[in-house]
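**Q** The structure follows.
The values are calculated or read from the model by the stated rules, or taken from the named source; none is laboratory data. Worth saying up front: this structure is predicted, and the values here are computed from it rather than measured. We place every Cβ from the backbone using ideal geometry, glycine too, and count neighbours over all the protein chains shown. Accessible surface areas use protein heavy atoms only, side chains included; no ligands, DNA or RNA. Shrake-Rupley method; radii C 1.70, N 1.55, O 1.52, S 1.80 Å.
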Amino acid sequence: MASFKKVETSVVDAKYEGGIKVYLESAEDVRIFSEHWFSHKQDKLRFVSAEGEQSGGGGCMAVINKVAEANSQKIEAYGIVDRDVLLSDAKLDLFWEADDTKFHASDPYGENIHVLRRWELENYLLQPEAFAYEVSRRISRSPTPDISAETFLVEVDDIIQVTALTTYSVANGQKSPSPAFGTNIPSGSDLSQEIDKFLKRQFPAPACPDISNDAEKIRSFDRSNVNPAERWERLTRILDGKKSLMRLCRYISTNLGLNSFDHWDEMRGCLANIIASIGQIDEELVNLIDEISSSSLA
């Protein structure tokens, strides 16, 4: 009996659903784009998770492959991937590029794949104003504690260290430590000791792992001669997003007694909603979605 070439159901379905497909790395990313930030674009766009029906099966390369597959079937599709794909894909010069214009001019995966200028989607949630609004909503006492870029910069040295641990590990073929790494450890020397222990497990002797060079590369994104808000905005390009979000939520939970902030994964939707309500969705994303929705085949 003659066999028929198997065509993925998702591709067949896409032909009949209409609209431009925008593939994202996970179902959580899709929720933020479709429910919080760009619901008004869904007459022309369909945000799709590269995970499909299998949780955890997405990621950057899955997005790239899904877009290529759809385009090969004459389905107009685009993809949005995290900056950290460049780290795991050994495109290190581009990963460490601090100039936005040069970074976006590269198109390492083709014109239909947009590489985010920040580490991952969580970085676009790291807005002090959104945290301040959420703190004021959840706290009853007066005066409301001040949350600003200065608050976040208090934690930045620790965030740089855990980010450098990630960049060094992934660039050398090892897994990234979990987002919760080091959150229960006091900052400073105690955190440094925990990082050293992790590195020795990942890279046993005679290797001599050293994350200091990576930490300096991260600091090169900082601009010490500008105001704290600008400094934080620059740094969030290259800080590990999930680790940053978890550490900042833990910092607020511990110092303000807001235990509900400990549920950092639930905070994503709250922050995304606030950012939309105050009109602070990152210009990069707004311009990108406008450009895709205005494409000639829309």
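**Q** Applying a 10 Å radius around every beta-carbon, put 99-107, 172-180, 31-39, 211-219 in order of their mean neighbour count, most first.
**A** Values: 99-107: 11.6, 172-180: 14.2, 31-39: 19.0, 211-219: 16.3.
Those peptides, ordered most packed to least, come out 31-39, 211-219, 172-180, 99-107.
**Q** Any idea which of Phe198, Ile185, Thr254 is furthest toward the positive side of the dipole for the chain, if Lys and Arg beta-carbons carry +1 and Asp and Glu beta-carbons -1?
**A** The residue sitting most towards the positive pole is Phe198.
**Q** Same structure again: Run the numbers on the chain and let me know its relative contact order in percent, using alpha-carbon pairs under 8 Å that are six or more apart.
**A** The value is 20 percent.
**Q** A further question follows. Given a 1.4 angstrom probe, I'd like the percentage of the accessible area of region 125-222 that is carbon and sulfur, rounded to a whole number.
**A** The computed percentage sits at 48.
**Q** Still on this structure, please answer the following. So, with a 1.4 angstrom probe, what is the percent of accessible area on region 46-121 that is carbon and sulfur? Could the numbers behind the result be given before it?
**A** Values: 1510 of 3500 Å².
Reported share for carbon and sulfur atoms: 43 percent.
**Q** Now for a different question. Return the calculated 222 nm mean residue ellipticity for the chain, to the nearest 500 deg cm²/dmol, obtained by summing -39500 (n - 2.57) across DSSP H runs with n ≥ 4 and dividing by the residue count.
**A** About -14000 deg cm²/dmol.
**Q** Which whole-number percentage describes the relative contact order of region 75-124, with Cα contacts under 8 Å and a sequence gap of 6 or more?
**A** 53 percent
**Q** I would also like to ask the following. Hey, got the dipole for region 101-197? About the Cα centre, +1 on K and R Cβ, -1 on D and E Cβ, debye to the nearest 20? Write down the numbers at each step before the final one.
**A** Values: 8 positive and 14 negative charges, 42 e Å.
Its charge dipole is roughly 200 debye.
**Q** To two decimal places, what compactness ratio does region 87-176 give when its Cα radius of gyration is scaled by 2.2 N^0.38 Å?
**A** Dividing the Cα Rg of region 87-176 by 2.2 N^0.38 Å gives 1.43.
**Q** What do you get for Rg/Rh of region 231-292 when both radii come from the Cα atoms and Rh is the Kirkwood radius? Display every interim value, and only then the final one.
**A** On the way: Rg = 13.7 Å, Rh = 13.2 Å.
Across region 231-292, the Cα-based Rg/Rh ratio is 1.04.
**Q** Oh, and also: Express in nm, to one decimal, how much length is gained between Val154 and Arg201 on full extension, taking 0.36 nm for each residue of separation and deducting their alpha carbon distance.
**A** Going from the current span to full extension adds 14.0 nm.
**Q** Turning to a different aspect of this structure: As an exercise, use a Förster radius of 22 Å and the Cβ-Cβ distance of Asn255 and Ser142 to find the FRET efficiency, rounded to the nearest 0.05.
**A** Calculated value: 0.80.
**Q** Compute the Cα gyration tensor for region 93-251, then decide on rounded, prolate or oblate, letting a ≥ b ≥ c be the square roots of its eigenvalues: rounded whenever a/c is under 1.5, prolate when a/b is larger than b/c in the other cases, and oblate in all that remain.
**A** Because a/c hits 1.5 or more and a/b fails to exceed b/c, region 93-251 counts as oblate.
**Q** Per residue, what accessible area does the chain have, given a 1.4 Å probe and all protein chains present, in Å²?
**A** Per-residue value: 50 Å².
**Q** Hey, can you grab everything whose amide H is under 5 Å from the amide H of Ile113? Only 5+ residues off in sequence or another chain; H modelled, so Pro and N-termini drop out.
**A** Gly79
**Q** Tell me, how many Å apart are the Cα centres for region 243-270 and for region 130-171?
**A** Here the answer is 9 Å between Cα centres.
**Q** How much accessible area does Glu150 have with a 1.4 Å probe, in Å² rounded to the nearest 10?
**A** Ignoring ligands and nucleic acids, Glu150 comes out at about 100 Å².
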